[in-house]
Amino acid sequence: MARFALTGTVAVYMALVAFGNITDFGTNQEFVRHVLAMDTTFQDEDLMWRAVESRTLQDIAYVAIIVWETATALVLLAASWLWVPVLRRRTPPGRALRAGSLGLVMVLLLFGLGFMAIGGEWFAMWQSDAWNGLDAAARNVLLAGVALVVLHLPDGAHPVSFTHLPAPETGRKLVCRLLLGKKKKKKTPTICIHRPTHTQHRPVLERLAAGVDRAGDRRAVGVRVFVAQELVQLGR
């Protein structure tokens, strides 16, 4: 739930940032122009050669920022949508994790690399009292960083070990997920495998279940085989 909430929060935030820059184009356009022109810094001759004074280049940079913000918002919104079936225990979290990680890394690149490194250091934004966005950028980097860490924390409620099992009949690999749950102080191995799309693959599942039954804990109450919804492509 925390991963979904943080991903959704950053997604809505980035969507509002992009929407604000599109509908109120002029406000932050002036910000980007002043930062790139370096006209409110200390005017140090050793630094002023870095200034970009062309209005065309300044506006291109501003439009590129808006495009990046919009793409980031779309990726994070898609990741938030992918978390919904995960919370309902219908799909594994792999796709949601990948999409969320991509979106959060895009946030870090925008505000960490773009605003703090390039804007703050290369264009000396830290020297400006009037056009200084370092504090806001730092907050965004912190939010995205915390969300990224939480996203990749191990799920303590469902300890999972993944083993790729060959399936010659399908030309693919089945993903087997072994969950050890406690019931009356006894461990019950639980297998989650991806559903083949044809009945000819049923023997693969039966051999898998039989193999786990033989290798499982003799004290186990039983082996429960759950069939998930999709196959994982070979090499994924």
(request) List, largest first, the extents of the alpha carbons of segment 2-151 along their principal axes, each in whole Å. (result) 61, 28, 19
(request) Could you point to the residue in V52, Q29, T7 farthest towards the positive end of segment 1-114's charge dipole, with +1 and -1 charges on the Cβ of Lys/Arg and Asp/Glu respectively? (result) T7
(request) Take the alpha-carbon centre of segment 70-114, take the same for segment 2-17, and report the distance between them in whole Å. (result) 9
(message) Using only the alpha-carbon atoms of segment 61-148 as identical scatterers, what base-10 log of I(q)/I(0) does the Debye formula give at q = 0.16, 0.24, 0.25 Å⁻¹?
(response) -0.67, -1.13, -1.18
(request) Please state the charge dipole magnitude for segment 2-151, taken about the Cα centre, from unit charges on C-beta atoms (+1 on K and R, -1 on D and E), reported in debye and rounded to the nearest 20. (result) 1420
(request) For segment 2-151, calculate the relative contact order in percent as a whole number, restricting contacts to Cα pairs under 8 Å that are 6 or more residues apart. (result) 32
(request) Beta carbons within 10 angstrom, averaged per residue: use that to sort the peptides 23-33, 64-74, 104-114, highest first. (result) 104-114, 64-74, 23-33
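Every number in this text was worked out from the coordinates using simple rules, so none of it is lab data. Since the structure is predicted, the reported quantities are computational estimates derived from the model, not experimental observations. Counting neighbours? That spans all protein chains shown, and the Cβs are built from the backbone with ideal geometry, glycine included.
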